[in-house]
Amino acid sequence: MTTLAPTGAKSQLGSTTKKSFGKTPDGQPVDLYVLTNKNGSEVSITNYGGTVVSLKVPDRSGKIADVVLGYDNVEGYAEGKSYFGAIVGRYGNRIGHAQFVLDGKTYTLAKNNGENSLHGGVNGFNKAVWTAKTLSSKDGQSLELSYLSKDGEEGFPGNLKVTVIYTLTDDNALRIEYSATTDKKTVVNLTNHSYFNLAGQGSGDILGHLLTIEADKFTPVDSGLIPTGELRDVVDTPFDFRKPTAIGARINQDDQQLKLGGGYDHNLVLRRPAGSGESLAARVVEATTGRVMEVWTTEPGVQFYTGNFLDGKSAGKGGATYPKRSAFCLETQHFPDSPNQPKFPSVVLNPGQRYHTVTTYKFSVEK
Ligand code: BGC
């Protein structure tokens, strides 16, 4: 294990260490970076997929628990199909019929989700080995990850240079800053796919977590989970999380959209105030531990997913199992299928422009 950033008492300054996380199936060595802040909160990130492997934060009595699902080693991530903790790209979420048109040219992607493309294709950014560099940051410990997605990779045009900076701040927030530039017109939609359980990973279902989402509308989907194009009011639907509501309160209601998703697996349209900074997207409270997580973002949407496809079969960290609905995701993003939906906010990136988005997961406790 190597100590990389500020030496000195961990409890006062925070630190970053690096250790081996094994080898990818094609033999590339990858590492695990452990960022600790001055309060003893800790995030572990591997440069395989830019993945958040663990995230340890205190409960109301100061007890630390790991609140994200994951695997103990790189093999788990290489074989896994759930995108635990990963950076998802080049296009997070679905592109209908696995194709889109830019300037009259049709680009064809792999159909890796029924008829559609999901999360960047067969070998998305979650399977890439990123270049890692520790950075000094004024408010915590940072890790910079970069990746060059080559022109034509997974069918997308343009050499895309991507940088993701993770910062664990001294006030228990995990900030993720995504940047990208291209040499040809392309589409980009990056997110992080952490699965949260604020009572601790492997500790049962998340149906009792209280959720608030700052959204008045959502994007209903068809049977392939592709948005129909409608922005539907959440009023009188199970998608109304404008006031704190248990995730499980309405999840089994006889509702066509919930049936299509097998639970919640939908993009909500965030109520974003004017301006370019981050705004509050969602707040989650777990009453037994008092843990609270707020999600702040510059993005217009968030995919709320209740782990409907988890089946408890593969072994997770420390032998934990992850059955259906044992975690939730709040994936900040542009809306699914935006390349084919002219009325949705644009995901096109041109040469000379810089893609730049920020999302922060802030942890605290309620008494
Ligand atoms: C999607 C789900 C999918 C999950 C894991 C989510 O972003 O909306 O449908 O099962 O990712 O791939």
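Solvent-accessible surface (1.4 Å probe) assigned to Glu79 amounts to roughly 130 Å².
Leaving out same-chain residues fewer than 8 places away, which aspartates and glutamates sit with a Cα under 13 Å from that of Lys150? In chain and number order, the partners are Asp183. Bridging of Lys185 to aspartates and glutamates at a Cα separation below 19 Å is possible for Asp103, Asp151, Glu153, Glu154, Asp337, once same-chain residues fewer than 8 apart are set aside. Of the listed residues Ile64, Ile87, the order by accessible area with a 1.4 Å probe, largest first, is Ile64, Ile87.
Using Cβ point charges alone (K and R +1, D and E -1), the dipole size of the chain about the Cα centre works out to roughly 540 debye. Label zone (Asn123, point 7 Å along Cα-to-C-beta; backbone nitrogen cut-off 20 Å) within region 18-36: 22-31. The share of accessible area on the chain that comes from carbon and sulfur is 49 percent, using a 1.4 angstrom probe. Note on region 122-173: with charges restricted to the Cβ of Lys and Arg (+1) and Asp and Glu (-1), its dipole about the Cα centre is near 180 debye. The residues of the chain present an accessible area of 40 Å² per residue when probed at 1.4 Å with all protein chains retained. Here Val101 sits with roughly 80 square angstrom of accessible surface, probe radius 1.4 Å. Computed with a 1.4 Å probe on the full set of protein chains, the accessible area for Trp296 sits at about 70 Å².
Cross-link partners of Lys217 among lysines, defined as those whose alpha carbon lies under 23 angstrom from its own and excluding same-chain residues fewer than eight positions apart: Lys243, Lys259, Lys343. Projecting the Cα atoms of Gln341, Tyr322, Leu55 onto the charge dipole of the chain, computed from C-beta unit charges around the Cα centre, puts Leu55 farthest toward the positive end. Taking R0 as 22 Å, what's the FRET efficiency between Thr108 and Val348 from their Cβ-Cβ distance, rounded to 0.05? Computed FRET efficiency for Thr108 and Val348: 0.80.
In a reduced charge model with +1 at each Lys and Arg Cβ and -1 at each Asp and Glu Cβ, region 302-367 shows a dipole moment near 180 debye about its Cα centre. Note on exposure: Tyr48, Tyr107 ranked by accessible area (1.4 Å probe, complete protein assembly) read Tyr107, Tyr48, with the most exposed listed first. Classify region 192-297 as rounded, prolate or oblate, taking a ≥ b ≥ c as the square roots of the eigenvalues of its Cα gyration tensor: rounded when a/c is under 1.5, otherwise prolate if a/b is larger than b/c and oblate if not. Note, shape of region 192-297 comes out oblate.
The values are calculated or read from the model by the stated rules, or taken from the named source; none is laboratory data. On a predicted model such as this, the values are computed, not experimentally measured, just so you know. Counting neighbours? That spans all protein chains shown, and the Cβs are built from the backbone with ideal geometry, glycine included. What goes into the accessible areas is simple: the full protein's heavy atoms, side chains included, and nothing from ligands, DNA or RNA. Shrake-Rupley method; radii C 1.70, N 1.55, O 1.52, S 1.80 Å.
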